[in-house]
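Read-outs: derived from the displayed coordinates by stated rules, not from any lab. Quick caveat: nothing in here was measured; it's all calculated off a predicted structure. In this analysis, Cβ positions are derived from the backbone assuming ideal geometry, glycine residues included, and neighbour counts consider all displayed protein chains.
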Amino acid sequence: MPEESDRLEQAIRVLKEPAQIDSGLDRRVMAEIESVPLPGAWPHRFWMTLDWLKRGRPVRVSPLGGLAFTVGIAILVLFGREWMTPQEPGAPLATTAQGSVVQFVIVAPAASGVSLVGDFNDWSSAATPMRRVGGNGVWEVTVPLDAGRYRYAFLVDGSTWLRDPSAPPTLDDEFGRPGSVVTIGEL
Amino acid sequence: MGIHDVKGTSDAALVARVLAGETDAYAGLVARYRDRLGRYAVRMLGNEADAEDALQEAFVRGYRSLARCTDPDKFGAWLFAILINRCRTIGKQRARRQQLVVQDEAAVAKASVKHPEERSALRETIEWAVEQLSPTIREAFLLKHVEELSYDEMTTITGAKTSALKMRVARARQELQRLLEEAERAGRE
Amino acid sequence: MRTPTGQLALTFALATSLSAVAGPALGQDPRLEGRVPEPTRVEIEAVLDSALALELPTEPLVDRALEGASKGAAPDLILTAVRRLAAELLAARDAMGPKSSVPEIVAGASALRAGAEPEDLAYLRALRGNQTLTVATAVLADLVAVGVPVDTAVSAVIALAEATEDVEYLAFRRNVERDIALGASPVTALGVRLDAAAEFADRPLPQRPQRPRKP
């Protein structure tokens with residue numbers, strides 16, 4: 001009905017009228033910003049390379065995301081064995097009174113040796129070697145973990161660092177190498 | 001404070017200056033977007049005090065995460081997304097405030113008037129009607145019809161699918177019409 | 001009463017230089033020996049000292065140093081990383097309360113690293129009552145790590161905070177990650193899952209920290 005939509009259109013016109021926010025807000029914002037300076041909070045690269053202004057819109061890619069899913073499906077299809085169900089870190093195999101048992105899996109067909117290195121083994125490259133399963137380059141290891149948040153990565157042949165494609169990445173690779181995180185909640 | 005040397009400067013250029021260490025340049029962005037973003041905040045939250053809270057938080061968070069603004073040409077849209085989230089959080093809290101003991105009676109009076117018979121001005125009726133919408137559909141309605149975003153833009157900011165957004169906007173229109181009619185009838189009686 | 005992590009990192013840097021003058025560090029950890037060059041090891045142990053004095057967990061700091069060593073990072077990079085983490089642990093503990101567990105503090109620090117504000121952590125603490133914050137804050141950090149803008153991630157975690165078990169938080173995060181892996185934009189993926197999961201509890205919410213208002 002024309003009458004009804006007139007009412008609505010009128011309402012929209014009224015709502016579109018600009019607000020008048022007190023300019024004291026500007027002062028409060030700047031005061032808050034200035035009271036909490038963040039020296040060095042911004043990564044140095046943003047200070048030095050302001051040429052992103054000239055570049056086109058940066059594209060966000062998640063290269064391993066798609067791979068993770070593919071790998072997961074591949075494992076299910078190829079093996080179908082119970083323990084090969086892609087267990088994502090954070091979904092423990094078993095939860096015990098002492099903590100949880102987590103399985104870590106990585107596909108690295110060309111590797112001769114893979115070890116799991118992380119917060120839970122003092123970042124020792126020798127403490128937690130992974131074992132190869134089947135003939136398709138799948139490596140696995142299970143580790144008991146107490147509640148906590150653990151950074152880790154896979155070390156292939158003692159030299160190449162890989163993150164775990166099925167786990168969240170670390171927020172920033174502080175040390176120039178990829179990494180992953182697993183979180184175990186308290187029981 | 002340097003407002004003079006920000007007039008005419010693009011958002012992207014101001015962002016670059018702030019990231020290079022010239023904190024004061026951010027004031028230019030605040031001044032530029034204060035009223036524009038303020039309109040949404042006031043309409044969404046229904047009162048200026050909460051709107052100013054939301055605005056202040058959004059601007060401060062915008063500053064703190066400025067390095068993560070990947071497309072500084074679209075700073076306004078990026079900041080708007082932050083504001084929408086702030087309004088969601090504050091709005092959720094405010095809906096429960098009436099159950100708690102509140103000291104500022106004027107704010108309570110302003111926030112709690114529900115009945116159209118108590119308002120005579122058209123503006124207040126419209127504001128009341130918008131207030132009655134549930135937050136999710138109110139948000140969709142304001143973004144579509146008042147802020148005039150496209151559904152694509154709304155999806156990008158809110159994460160909701162276009163079909164869901166369209167449904168919310170349609171429901172909002174229905175509800176508002178009903179409420180405005182009801183108010184008019186009540187005014188006549 | 002928010003403590004800027006930048007200023008805290010400076011505090012930890014100062015503590016380092018003072019301790020080095022005052023005498024042998026109490027925060028010695030045998031694991032660092034041989035893995036980090038001597039001068040840096042001393043400075044790291046000074047940070048551990050300060051952390052101990054502030055009753056902050058030192059294990060995460062040692063872990064971070066060992067990670068840097070293991071990855072062959074430059075010593076000053078390792079030291080900066082340890083100081084930065086120490087500052088974040090302190091800010092997280094201050095925000096989440098003195099009775100916070102170590103896993104909570106570590107996860108809270110990650111959330112701060114991701115861009116959350118200390119007041120977000122404080123609000124989460126108020127919302128979740130006697131449920132732990134470890135998984136909620138970890139999920140916040142993880143969502144940011146897979147591309148969700150921090151502000152959206154904070155909103156989502158807060159929206160779910162009242163009525164969500166830890167295991168549901170993890171399922172939520174996994175679903176979002178899977179959707180992203182399948183090609184959804186991070187915000188869309190989050191929105192879809194949030195719509196399905198969000199519940200509005202019918203309970204008064206605790207007061208949020210107020211900003212200074214105009215007089």
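Below is a table of values for the structure above.
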{"quantity": "Exercise: per-residue mean of other protein chain Cβ atoms within 10 Å, C:78-86", "calculated": "1"}
{"quantity": "Rounded to whole Hz, the Karplus (6.51, -1.76, 1.60) HN-Hα couplings of segment A:139-145, x for glycine and proline", "calculated": "10, 8, 7, 10, 9, x, 9"}
{"quantity": "Descending semi-axes in Å of segment B:113-189, equivalent ellipsoid built from Cα gyration tensor", "calculated": "28, 11, 9"}
{"quantity": "For segment B:142-163 versus segment C:66-119, the gap between their alpha-carbon centres in whole angstrom", "calculated": "37 Å"}
{"quantity": "Three-way shape label, segment C:49-191, alpha-carbon gyration tensor, a/c 1.5", "calculated": "oblate"}
{"quantity": "Fewest-first sequence of B:PHE141, C:PHE172 by Cβ atoms within 10 Å of each Cβ", "calculated": "C:PHE172, B:PHE141"}
{"quantity": "Average partner coverage of C:96-104, which counts Cβ from other chains inside 10 Å", "calculated": "2"}
{"quantity": "q = 0.15, 0.17 Å⁻¹, segment A:122-163: log10 I(q)/I(0) [Debye, one scatterer per Cα]", "calculated": "-0.44, -0.56"}
{"quantity": "Neighbouring partner chain Cβ atoms per residue of A:173-181, average, 10 Å criterion", "calculated": "5"}
{"quantity": "Net charge dipole size for segment C:113-176 [Lys, Arg +1 and Asp, Glu -1 on Cβ; Debye, nearest 20]", "calculated": "140 debye"}
{"quantity": "Per-residue ³J(HN,Hα) for segment C:116-122, Karplus 6.51 cos²θ - 1.76 cosθ + 1.60, θ = phi - 60°, Hz, x for Gly and Pro", "calculated": "5, 9, x, 5, 5, 5, 5"}
{"quantity": "Label-point separation in nm, C:ASN175 to A:ARG27, each point 7 Å along Cα→Cβ", "calculated": "4.8 nm"}
{"quantity": "Interchain or long-range residues, amide H under 5 Å from A:SER100's placed H", "calculated": "A:LEU145, A:ASP146"}
{"quantity": "From phi via Karplus (6.51, -1.76, 1.60), per-residue ³J(HN,Hα) for segment A:153-164 in Hz, x at Gly/Pro", "calculated": "7, 9, 10, 9, 6, x, 9, 9, 8, 10, 8, 8"}
{"quantity": "GluC sites (Glu not before Pro) restricted to DSSP loop in segment C:47-116 with at most 11 other C-beta within 10 Å", "calculated": "C:GLU55"}
{"quantity": "Amide hydrogen neighbours beyond the local backbone of C:THR164, cut-off 5 Å, H modeled", "calculated": "none"}
{"quantity": "Extended-chain gain in nm, criterion 0.36 nm per residue less alpha-carbon gap, C:GLU33 and C:LEU52", "calculated": "4.9 nm"}
{"quantity": "Nitroxide proxy distance, nm - points 7 Å out along Cα→Cβ at C:ALA126 and B:ARG178", "calculated": "3.4 nm"}
{"quantity": "Long-range amide H partners of A:ALA111 with built H, under 5 Å", "calculated": "none"}
